[in-house]
Each structure stands twice: as C-alpha cells, then as structure tokens.
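Read the structure below first, then the notes.
FYI, it's all coordinate maths here, none of it is from the lab. Bear in mind that the values here come from a model prediction, so they are computed numbers and not experimental data. Methodologically, a virtual Cβ is constructed for each residue, glycine included, from the backbone with ideal geometry; neighbour enumeration extends over all protein chains shown.
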Amino acid sequence: MNPATPIIELREVEKRFGALTVLRQINFDIARGEFFSLLGPSGCGKTTLLRILAGIEQPSSGTLLIDGQPMAGVPANRRPTNMVFQSYAIFPHLNVEENIGYGLRNQPLSKAEAQARVAEALSLVKLDGLGTRNAHQLSGGQRQRVALARALVCRPKVLLLDEPLSALDKKLREEMQLELRALQRTVGITFVFVTHDQEEALTLSDRIAIMAEGQVMQLDTPRGLYERPANRRVAEFVGTMNLVPGRLCGGRLDAGALGAFAGSMVGVLPEGAEAFLALRPEKLVLHPGAGSGGNPSLAGRVTEAAYLGDRIHYQVTAEGLDRPLSVSVNNVAEGFGLGTPVTLSWAEGAGLILGP
Ligand SMILES: Nc1ncnc2c1ncn2[C@@H]1O[C@H](COP(=O)(O)OP(=O)(O)OP(=O)(O)O)[C@@H](O)[C@H]1O
Ligand SMILES: [Mg+2]
C-alpha cells in the first residue's frame, strides 16, 4: 500500500438511529501515523463515529476506507483496528497477563509467541514485572495501561481510544497524556482519540476535528484551531475568547469602544452586517492607570482577578462594553487589585473578525 494513502478515508458518512440523525456529512482523511482527535460536547456523535470505524456500527450511508480497502461488510474482528472503550472494564478475575493475552485469543500464535507479544505489550505500557498481579490490585492508571496493552498486543494499524483517560484525576491524567503521546511515537500506529476535554486534545493531537451535533465544524492543527477558528462556536470551544459585537462599516469592523479592526472576513460579509471581534485574553496588554497605553487602547477597571500561579486572569470592565474582557497576564510583575484603573492595549492584527 502506498504510504501516502490515508489510513482512513470517510466520504459522506451519515448515521441515523430511526428518525434521529446523529452523524451527517462526515468527510475527512486521517494520515498514517497521525494522532488524530475527535473533540466535541457530550452527545455530538464522537463514540458513534469511533464505533463506525471499528465496525461495531454500520454507517446509514456513505463510504469508509481503511488502508485503502472499503469496509462495507467487513466485521469488526477483520478490521486492522482495535478499540479502547469509554468505560473500560478489564476482567477482574484474570491477572494482568491474562487480561492482555485475551486480546490474542483468536490469533494463530504458538504459546511462546503469544507470551512474547504479551511481554512486549507490558513493556510498552511500562507494566514490566506486574504481569501476575490481579486486576483488582491495580490503580486506576495501571488499569488503563492494561486496557491499552490489550489493544496494542494485536498490533493494530489504527488504535481507537474513546475517552481513555476520563476516569483519572488531573495529575495522573496529565502523566498518562505524555505517556500516551510517547507510546504513539514509539509504535508509530495511527491513534484516533475521542475526548470532550479541549486541553487534552490540544496537548496530544497532530490534528483535531471539532464536532457539534453530528457534524465536523472545523478540522485543523491545534494551532490552527486556536489562532484561526472558523466561527464563534469553535472560538468559544477552544480556549477562552473575548467576543465583542460590532458592525461592518467602510471596509472595517466597528467594534464600538474598542475601535475599528481590519480582517479577512470583511471582504466576505456585506457592508452593515453584524459581526464579532474575537480577541484572545493573552493578546491584551494591561497597563497601570487610565490613559497610559498609547494607541490603540481602552481605559477600564479590574473587576475580577483569578490567581493561577503561573498566570493571572483578570476581568476588566470598560465604558461602552456590555461585558467585561478577559485578560491573561504572565505572573511576573506585581498584580492589579480589584477596582484598579487600568488601560488595555493590543497589537495591530491581534483581533479576528468572525461572522454572526
Ligand atoms: N444505539 C443508539 N440508538 C439511538 N440513539 C443512539 C444510539 N447510540 C447513540 N445514540 C445517540 O446518538 C447521539 C450521539 O451519541 P454518542 O454516544 O456518539 O455521543 P458522544 O459524542 O460520544 O457523547 P459523550 O461525550 O457523552 O460520550 C446521542 O444523541 C445518542 O443519544
Ligand atoms: Mg462517547
């Protein structure tokens, strides 16, 4: 197979359950070796799409190719995929090795070959030496690793992971994220990873498909999604975004108290159309005192401050704005107290213009 052929090709895939359409117009490719994430709110169709890739569910219409082969009529156990389920229960009555070896039960391997494969999988997920431990004697993180090893032991071309880290606490989750990424680089197989945690998706992925209501709203790299969101929903879903309503006037967006902004959407929307100025909190600069920021700038007052250790998040109100602006500042200088008069400034080109 030509290595340039995408490992997964989805064309016009739709899924209906009775009268309910849960996936529509799914059209994208996943490259070999990619760490690809599906990100979206609960109920948007992430698990359903993963189940279609796995062959547990069939699309109502459209086509799916895996490794260049049409998947219509190919059952789950004949596909080069393996899935780690959303609420994964490993078998409590089997030890770690037996749990992992269970994945190989249908493969024509000698006992010695199977043992070698289990040992290799154990080592990949850093559980060497724990093979004979009982499943119920493992921590949550170790159990997740057993689940991963069980999927990896079959050496799938594509590993499908449905929120595999969601049951873990924040610290362990962050550790496992790094391990998962390192593991993916080591084994070089394609990962399709489902999450509703945007930070997790940004941390791990080469590319992310943002889903809502059964559709892909935008597919891009983490940087692309953050810096060039296609619309307001993506802008609000990925990170924090200040959205200031305005109107197109004379080839620019008139954003009221913040002044006029140029941007590519100006050519797309008609004169007089309503649109939004989108400004990330870290693109705003805070200066002490009113009227100290040069041009362009805006005088306001600090109304909230959240201390996050490495950064401080402020809310700043200003005359003419119907809601406060979020401002994120590196925690290097003395902070601003509540009620402090401040001036906000921003660089030319700091804002994006997004349609209604
Ligand atoms: N077998 C089924 N029959 C009917 N409706 C279903 C079935 N499976 C899923 N759905 C519906 O399809 C929609 C998408 O479900 P899905 O499980 O794919 O969402 P999800 O994005 O994985 O959500 P979550 O983040 O909560 O896991 C939901 O409205 C769900 O109720
Ligand atoms: Mg789900």
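First check a/c for the stretch 21-154, with a ≥ b ≥ c the square roots of the eigenvalues of its C-alpha gyration tensor; if it is under 1.5, answer rounded, and if not, answer prolate when a/b is larger than b/c or oblate otherwise. Don't skip to the answer; put the middle values down first.
On the way: a/c = 2.38, a/b = 1.70, b/c = 1.40.
Since a/c reaches 1.5 and a/b is larger than b/c, the shape of the stretch 21-154 is classed as prolate.
Among 298, 260, 312, whose Cα projects farthest towards the positive end of the dipole of the chain, with charges put on the beta-carbon of Lys, Arg (+1) and Asp, Glu (-1)? Checked the options; the winner is 312.
Descending by average beta-carbon neighbour count within 10 Å, the peptides 189-201, 130-142 line up as 189-201, 130-142, the highest first. Against the main long axis of the alpha-carbon atoms of the chain, helix 140-152 sits at an angle near 60°.
Among 154, 44, 249, the ranking by other beta carbons within 10 Å of each residue's beta carbon, starting with the fewest, stands as 249, 154, 44.
What is the gain in length, in nm to one decimal, between residue 134 and residue 254 on full extension, counting 0.36 nm per residue of separation less the C-alpha to C-alpha distance? Don't jump to the answer; show the numbers that get you there.
Values: separation 120, 0.36 × 120 = 43.20 nm, distance 6.50 nm.
Extra length available between residue 134 and residue 254 comes to 36.7 nm.
Under the simplified labelling scheme, the residue 109-residue 69 pair shows an inter-label distance of 1.9 nm, with each label point 7 Å from Cα along Cα→Cβ.
Counting only DSSP beta bridges whose two residues both lie in the chain, roughly 75 percent are antiparallel.
Sequence-distant contacts, meaning Cα pairs under 8 Å at least 6 residues apart, place the relative contact order of the chain at 15 percent. Each of 165, 216, 74 was scored by the projection of its Cα onto the charge dipole of the stretch 8-228, and the greatest displacement toward the positive side belongs to 74; charges sit on the C-beta of Lys, Arg, Asp and Glu. Would you please classify the overall shape of the stretch 163-262 from the alpha carbon gyration tensor, given that a ≥ b ≥ c denote the square roots of the eigenvalues, rounded means a/c under 1.5, and beyond that prolate means a/b larger than b/c while oblate covers the rest? Since a/c reaches 1.5 and a/b is larger than b/c, the shape of the stretch 163-262 is classed as prolate.
Charges at C-beta only: +1 for Lys and Arg, -1 for Asp and Glu. How large is the resulting dipole of the stretch 240-354 about its Cα centre, in Debye rounded to 20?
Values: 7 positive and 10 negative charges, 11 e Å.
About 60 debye.
Rounded to the nearest 20 debye, the dipole magnitude of the chain is 940 debye, with +1 charges on Lys and Arg beta carbons, -1 on Asp and Glu beta carbons, and the Cα centre as origin.
Which shape class applies to the stretch 244-305: rounded if a/c is under 1.5, otherwise prolate when a/b exceeds b/c and oblate if not, where a ≥ b ≥ c are the square roots of the Cα gyration tensor eigenvalues? It is prolate, given that a/c is not under 1.5 and a/b is the larger ratio.
The distance between label points at residue 203 and residue 14 comes to 3.9 nm (points 7 Å beyond Cα on the Cα→Cβ vector). For the chain, taking Cα atoms only, Rg and Dmax work out to 24.7, 78 Å respectively. Listed here are the pairs 170/283; 111/170; 46/157; 111/157; 15/157; which of them are more than 30 Å apart at the Cα? Exceeds cut-off: 111/170. Neighbour counting of Cβ atoms within 10 Å sorts the residues 104, 354, fewest neighbours leading, into 104, 354. Helical runs assigned H by DSSP (4 residues or longer) give the chain a calculated mean residue ellipticity at 222 nm of -6500 deg cm²/dmol, each run adding -39500 (n - 2.57) before division by the residue total. At full extension, residue 2 and residue 126 could sit 41.4 nm farther apart than now, given 0.36 nm per residue minus the alpha carbon distance.
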